[in-house]
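Below is one structure; the comments refer to it alone.
The values are calculated or read from the model by the stated rules, or taken from the named source; none is laboratory data. Computed from a predicted model, the values in this text were never measured in an experiment. Because the Cβ atoms are built from the backbone with ideal geometry, glycine has one as well, and the counts that use them run over all protein chains shown. What goes into the accessible areas is simple: the full protein's heavy atoms, side chains included, and nothing from ligands, DNA or RNA. Shrake-Rupley method; radii C 1.70, N 1.55, O 1.52, S 1.80 Å.
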Amino acid sequence: MNVDVPTQVEQADASGNGNVLWDQGPSTLAPTDVPRFLSVRGQGNDLARLARHQTFWTAWLARVAHDQSVVNGLPPDLARVMRQLAIGSVSFQTLPVEAVDAGSGGDEVYRVRQGDLDQLMGQLLPGVSPERIRVQILNGTGAIEAAPRVTKRLVPAGARVVLSGNADSFAYAQTQIVFYDRSKQQAAERIRQSLGTGRLVLSRQPLDVVDVTVVVGKDFNG
């Protein structure tokens, strides 16, 4: 597959010598090259790698539009999405972020500019309010992938998951939906209904970074 590499991709070997993996400009990728092409950071930063991702997907969708049989080996649902994207109009939007000082002196760390993101989502999804309730998910059972399963339920209900982690115990039998201000009780109830289980808990200890904390219990069947 032919791609237009936006910037030269270099990577240092164990001896510190720089090797050019791909020159800037037109290049041909073999199927075995794709994982490395997308994953290697090179001498640039993650934003440069994102530009490389975009040029790959542009080329790949053009290839699918020309010959839709190239996606026959993909899972059926993914193949259907790729075919639809290939015959439609596709635009790319860069997530609005800003570099922050993580104190490590090493790799750059980025933080989402929430106001710009809300504006972008308003453009992409008109009619959907950007005012989404901030939710923290804590795993109270130890079950693998508990947070992603809960997230799948919460996002369509208007939640924005901002934090996740483990609860203070893995012995929670019942899911708790903790809210910190009575003005958020109605939103907490929407969260409880989207999960199909749990009980509301009003915390006396204020928390500024989230509106609701979901402590996942064994009663949640996601």
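Brief remarks on what is shown
- Subset of the range 157-183 (residues that are more than 15 Å from the chain's Cα centre (by Cα), of a type outside the set (Phe, Trp, Tyr) and closer than 20 Å to residue 196 by Cβ): 157, 158, 167, 173, 174, 175, 176, 177, 178
- Applying a threshold of 7 Å to beta carbon distances and a minimum spacing of six or more residues, or different chains, the list of pairs starting in the range 70-96 at a residue that is closer than 27 Å to residue 118 by Cα and open to solvent by less than 90 Å² (accessible area, probe 1.4 Å) and ending at one that is acidic (Asp, Glu) and not in a loop (DSSP other than H, G, I, E, B) reads 96/116.
- Restricting attention to the range 188-213, the residues that are within 25 Å of the chain's Cα centre (by Cα), open to solvent by 20 Å² or more (accessible area, probe 1.4 Å) and under 16 Å from residue 139 (Cβ atoms) total 0.
- Residues that are surrounded by fewer than 13 Cβ atoms within 10 Å (Cβ to Cβ) and of a type in the set (Gly, Ala, Ser) within the range 1-52 comprise 12, 14, 15, 16, 18, 25, 30, 39, listed in sequence order.
- Output for the range 181-222, where each listed residue is in a helix (DSSP H, G or I) and aliphatic (A, V, I, L, M): 187, 188, 191, 195
- Neighbours by Cβ (under 8 Å, 6+ apart or cross-chain): first from the range 155-179, free of Cβ contacts under 8 Å to residues at least 40 places away in the same chain; second surrounded by 19 or more Cβ atoms within 10 Å (Cβ to Cβ) and among the acidic types (Asp, Glu): 179/211
- Annotation note: of 216, 162, the sole residue that is hydrophobic (A, V, I, L, M, F, W, C), open to solvent by less than 80 Å² (accessible area, probe 1.4 Å) and farther than 30 Å from residue 122 by Cα is 216.
- Leading residue by the ranking (most open to solvent (accessible area, probe 1.4 Å)) among those in the range 172-187 that are at pLDDT below 95 and small (Gly, Ala, Ser): 183
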